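These notes are about the structure you will find just below.
The values are calculated or read from the model by the stated rules, or taken from the named source; none is laboratory data. A quick note: this is a predicted structure, and the numbers were derived from the prediction, not measured. Cβ atoms come from the backbone with ideal geometry, glycine included; neighbour counts cover every protein chain shown. Note: accessible area is taken over every heavy atom of the protein model, side chains too, but ligands, DNA and RNA are not part of it. Shrake-Rupley method; radii C 1.70, N 1.55, O 1.52, S 1.80 Å.
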Amino acid sequence: MASTVNFPGTALSAADLSDLLEQVGQERDRAAFRQIFQHFAPRIRTFLVQRRLSGAQADDLTQDVMLTIWRRAESYDRSKASPSTWIYTIARNQHIDYFRKTARAQQLDENDPHFHLNDDPAPDALVSRAEDVSTVIEALSTLPDDQRLVVDLAFKEGRSHRDIADQLDLPLGTVKSRIRLAMDKLRVCIGEQE
C-alpha cells in the first residue's frame, strides 16, 4: 500500500477500514491511524460507558484500546475478521482485564495490619526468638479456642483475614481482633518463658 487512503467527511466502509488498518500495520501510517481513531474512539467510548464505566474510566480505557490497535495493527487479518469485530474484541478484552484488576484492588483491605509498619515484632520474629517449638506450642495452648483457631488459619494455613472471616462466618473486624488479642497473649507468654 503506497499511499494513505483519505476519506474526509465520508462514512467508512469495512473495506476502507481494513485498508486503513493494513496501512497502520504495514507502514505505521499515522494519517491512516488518525482516521481509525476518529472513527472508532467515540464509538469505543460509548461502548465502554454502556458497560457501566464512568466517563473518565471510559476515556482512559479508550486510549488504551487505541494504543493497542496502533501496536497490534500488523496482526489484523481481513480474511479472519472485520475491522469492527477485531477492534471491539480488543475493547471487550481490555474492559474485562480492567474489571479484573479493579476487582482485585477492591479486595485489598487497607486497614489490614500487614500493610502498616509498627514497632511490634512480627509473628515470625516471635517464633524465631522462642527457645524451641515446644515453647510456642505451650503458648498456643494457653489461648482460648476461638483465638487459637484464627491464629492457626492465619499462620499455619496462610489464609487472609477475609478468607478466615468468610470460612468462619464472622465479621472481618472480629477476626482481626481475635488475632490481635492472641498475638498480645503470645508475646506475653513467650516473653515470660525467655
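Distance between the 7 Å Cα→Cβ label points at R100 and S177: 3.8 nm. Projecting label points 7 angstrom from Cα along Cα→Cβ for V188 and A11 puts them 7.9 nm apart. Taking Cβ atoms as reference points and 12 Å as the exclusive limit, the residues near I36 contribute a net charge of -1, counting Lys and Arg as +1 and Asp and Glu as -1. One chain, two ends: D59 and T46. Fully extended at 0.36 nm per residue, the span grows by 3.7 nm beyond their Cα-Cα distance.
Using a ≥ b ≥ c from the Cα gyration tensor of the stretch 134-194 (square roots of the eigenvalues), is it rounded, prolate or oblate, where a/c under 1.5 gives rounded and otherwise the larger of a/b and b/c decides, a/b for prolate?
Details: a/c = 2.57, a/b = 2.03, b/c = 1.27.
Judged from the Cα gyration tensor, the stretch 134-194 comes out prolate (a/c at least 1.5, a/b above b/c).
At 1.4 Å probe size, with the rest of the protein present, what percent of the exposed accessible area of the stretch 15-90 is carbon and sulfur atoms? Spell out each step's value before the answer.
Numbers: 1880 of 4020 Å².
Carbon and sulfur: 47 percent of the exposed surface of the stretch 15-90.
The stretch between R28 and T85 holds 18.4 nm of extra length on full extension. This uses 0.36 nm per residue minus the Cα-Cα distance.
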